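Some notes on the structure that comes next.
The values are calculated or read from the model by the stated rules, or taken from the named source; none is laboratory data. Every value quoted in this text rests on a predicted model; they were computed, and no experiment measured them. So basically every Cβ, Gly included, is an ideal-geometry build from the backbone, and we count neighbours across all protein chains shown. Protein only, heavy atoms only, side chains kept; ligands, DNA and RNA dropped before computing areas. Shrake-Rupley method; radii C 1.70, N 1.55, O 1.52, S 1.80 Å.
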Amino acid sequence: MAAAQNYELSSRLVQYLDLHLTLPIMEYLQERGLYNEDDILRAKLALLDKTNMVDFAMDIYKGLNGVDDVPQEMKERRTQVVARLRQLQADVDPIIKCLQNRHVVDKFRQDKSFNLQFLQEEFQIGAEHVEALYQYARFQFNCGNYSLAAELLQSYRTLCTNSERNMSALWGKLAAEILMHEAVNIQEAREDVFKLKEAIDNQTFAPPLVQLQQRTWLLHWSLYVFWNHENGRNDIIELFQSPAYLSAIQINAPHLLRYFAVAVVINKKKPQTRGNVLKDLIRAIQQESYEYSDPVTQFLECVFVQYDFDGAQQKLKECEAVLDNDFFLAAYKDEFIENARLYIFETYCMIHQSISIALLAERLCMDQQAAEKWIANLILNAKLNAKIDSKSGTVVMGTQSKSVHEQLIEKAKALAVKNTYGLANTIVGGVKP
C-alpha cells in the first residue's frame, strides 16, 4: 500500500485544479481505499467549506462524526448562502428574462457592443445586470449546480466585452461541463479546451510567466476531457507534444509525463508518426528523470534506452498497481499492458534473430502457452516477417524488408550526400593557392 501511495499523484494534480474538480478524484481514492477513509472525509469537508455546497458538507459531517445534527455555524452558513442566492436571483432576474426570450436573442449579433446597446435601449439592461449575471453563474457553480452555471456563463460570454473576464467565464464553463459527466458536455468541453488554448497562445501582452501557468492549468484540466473522449489519446499527444506545452510540463509539471506516456503507448497512429512522438517523449522522460519518475516512465526507459528487458518486465508489473490507483488511467490499464507487451516484443525482436518462446513468455509476464498464442496472433494481424518453430520452441525472425517509403528516403539522403561532396570538391578544386 505504501508503494502505491508513493506514485499516487493527487497531491501534485490538485495544485492546478479548481476545488470542484478535485472532488471526483477524492471520491475515487475513497473507493480504492488507498488512504484512511476518515482522512479523506476530513479533506472533503475542508474543501467543501470553501464552496457553497453546504448541504453536502453537512451530510459528510454527520457521517464522519456519527451524529444526526451539525454545529450552529454550519446552519448559519447555510442561511447566509440561501439569502445571498435570493439576492442574486433578484439582481439577475431582468437580464435572465431577456435571455430566455427567443425573439430577443434572435436579434443578437456577433458584435457584443451592439448586443449591450440593444439591451440597454430596448430593456434598460445595463452593465450592472451583465455583472450580476456573471456573479450569479459563479454562485450557482459554487453551489454545485453545474448545468445551470454552464448555461449562464455561455450567455454571459455573448455579452462580455472584457477579454480577461471572458476567459475567466470560459474556464468556469469548461469546469462545469467536465463536472456534468455527460457525453454531449465532454464534446463541448473538448471544443472549449482548444478555445482556451487559442486564447492563451494568442495573448499578445501577457507576461510569459502568466502564460506558463495558464498552460499548466490547461494541461491538467484537459485530462478530464481527453481521457473521456473517443479521440482523446490523439488530443493528448497533440497538446502535450506541442513545444510550448511540453516546456510547461518540463518546467512545472513533469508528473504529466505519465499521461503523455500512456497516451503514446495505447495510441493507434501510423508507426512512422508514433515513432517520432515516442522519440520526443523518451527525450523528455530522460531529461526530467531526476525530477520525476514512476514505473510507467521507467518502463519506457528500460525498453527503449537501456534495452533492459528484465527491468521492463518488473516495471510492467508495477505499472498495474500504479494505473489501478490513477483516477484518469484505471480504465486504460488492460489496454496499456497489452500494448506495452507489444513494445517489448517488437524491440526484443529487433535485436534477436531467434527467440525462445519460454523466454519471451517470461519477458511478457505470461505463461508459455498464452505467450505462443499471443505471438501467433500478433504475427498474423501485424503481418510480421516471422514464424514460430514449434519443435524448438522459438520464434524465428525473417529479414525485415524496408518499405518503398523508407527506401526512397534512404536514396534521397544518399543523393544529398553525394551532391554535397561533389559541390565541396568543386569549390575546393577551384581554390588557387
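A few comments on the model shown:
- Taking 20 Å as the limit for the C-alpha separation, the pairs K279/K387; K44/K75; K50/K75; K107/K173; K173/K195 exceed it in the case of K279/K387; K107/K173.
- Accessible area in square angstrom per residue, the stretch 23-89, 1.4 angstrom probe: 60 Å²
- Sparsely packed loop sites in the stretch 98-187 (the trypsin sites (Lys or Arg not before Pro) outside DSSP H, G, I, E and B with at most 14 other Cβ atoms within 10 Å) comprise K107, R109.
- Radius ratio Rg over Rh of the stretch 170-276, counting only Cα atoms, Kirkwood formula for Rh: 0.97
- Heavy-atom accessible surface of the chain: percent carbon and sulfur, 1.4 Å: 50 percent
- Between W171, W227, W374, the GNM of the chain built on Cα springs shorter than 10 angstrom shows W374 fluctuating the most.
- Per residue, the accessible area of the stretch 165-237 comes to 42 Å², computed with a 1.4 Å probe over protein heavy atoms only.
- All Cα-Cα separations within the stretch 40-96 were binned at 5 Å from zero, giving a P(r) of 4, 18, 24, 19, 12, 9, 7, 4, 1, each value a whole percent of the pairs.
- Less than 5 angstrom separates the built amide H of A386 from those of G398, all sequence-distant by 5 or more or on a different chain.
- Loop sites in the stretch 175-208: GluC sites (Glu not before Pro), DSSP, at most 14 other Cβ within 10 Å: E182
- Residue-span extension gain [T79 to T158] - 0.36 nm each, minus C-alpha spacing: 25.2 nm
- Fluctuation leader among S392, S155, S163 - the chain, Gaussian network, Cα springs under 10 angstrom: S392
- Remark: spin-label model distance K107-E198 equals 2.9 nm, labels positioned 7 Å along the Cα→Cβ axis.
- GluC sites (Glu not before Pro) restricted to the stretch 234-326 and DSSP loop, no more than 11 other C-beta within 10 Å: E291
- Convex hull volume of the chain per residue (C-alpha atoms, cubic angstrom): 240 Å³
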